[in-house]
Amino acid sequence: MSVLRLVGRPLLASMFVSGGLGSLRAPEQVAPAAEPVVRPVTDRVTALPDRTEEVVRLSGAVQVAGGLLLATGRVPRVAALALAATLVPTTLAAHRFWEVKDPEERAQQRIHFLKNASMLGGLLIAAADTAGNPSLAWRGRHAARDVRREARLVRRSVRAAARPAARAGAARARLPR
């Protein structure tokens, strides 16, 4: 693992572990701000709990687990995607700067919104990082190419073996019985 990954992943994950623990411990503090975003999502996604506090707690658990997985380098791409999935609604719920009237508070909320947008960018980069290994798409294309090559070789082998067998069969058919 490169030094950048070794240092960068835990740094990126730290915010999620910290925030996720806060959501797990006291979801009622976050629930009022989350309500405008959670309600439309839970109406469309039936697998999510109905109560906002439970959704906040679930999001916190995903953030803690995903943060720890990302920090330790265990399934970092999946962890980064899971964290990104929790970051979008969290940002839309907590940092609605466009609704704030006070200019100073609006500026603070805009800074937090952009900070979260930056973290989302980092998570997307982490989700795409294959750590120097070929991507699944590359592996799939090359596996398909190898299968096609093997199929051509088998077809050629069958044709090459079939010609002498056909000739032997034709010669045997001409022999008296």
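Just a few scattered comments:
- Close pairs (8 angstrom Cβ cut-off, 6 or more residues apart or separate chains): farther than 22 Å from Arg77 by Cα in segment 134-150, open to solvent by 50 Å² or more (accessible area, probe 1.4 Å) and of a type in the set (Ser, Thr, Tyr) anywhere: none
- Lone unmet requirement of (1) outside any helix (DSSP H, G or I); (2) under 23 Å from Ala13 (Cβ atoms) for Pro176: (2)
- Of all residues making up segment 23-42, the number that are surrounded by 16 or more Cβ atoms within 10 Å (Cβ to Cβ) and within 25 Å of Glu99 (Cβ to Cβ): 9
- Filter result for Val45 (open to solvent by 30 Å² or more (accessible area, probe 1.4 Å) and either on the phi < 0 side of the Ramachandran plot or touching a residue at least 24 places away in the same chain (Cβ under 8 Å) (or both)): yes
- In segment 48-66, the residues that are open to solvent by less than 60 Å² (accessible area, probe 1.4 Å) and under 15 Å from Phe16 (Cβ atoms): Val56, Ser59, Gly60, Ala61, Val62, Gln63, Val64, Ala65, Gly66
- Annotation note: of Leu81, Leu69, the sole residue that is over 18 Å from Ser23 (Cβ atoms), open to solvent by 50 Å² or more (accessible area, probe 1.4 Å), among the hydrophobic types (A, V, I, L, M, F, W, C) and under 17 Å from the mean Cα position of the chain (by Cα) is Leu81.
- Restricting attention to segment 120-152 and to residues that are open to solvent by 80 Å² or more (accessible area, probe 1.4 Å) and of a type in the set (A, V, I, L, M, F, W, C), the residue that is nearest to Ala82 (Cα to Cα) turns out to be Leu124.
- Out of Val88, Val7, one residue alone is within 30 Å of Asn133 (Cα to Cα) and either small (Gly, Ala, Ser) or within 16 Å of the chain's Cα centre (by Cα) (or both). It is Val88.
The values are calculated or read from the model by the stated rules, or taken from the named source; none is laboratory data. None of the values given here were measured: they were computed from a predicted structure. Please note: Cβ atoms are built from the backbone with ideal geometry, for glycine as well, and neighbour counts cover all protein chains shown. To get the accessible areas, we keep the full protein, side chains included, count just its heavy atoms, and leave off ligands, DNA and RNA. Shrake-Rupley method; radii C 1.70, N 1.55, O 1.52, S 1.80 Å.
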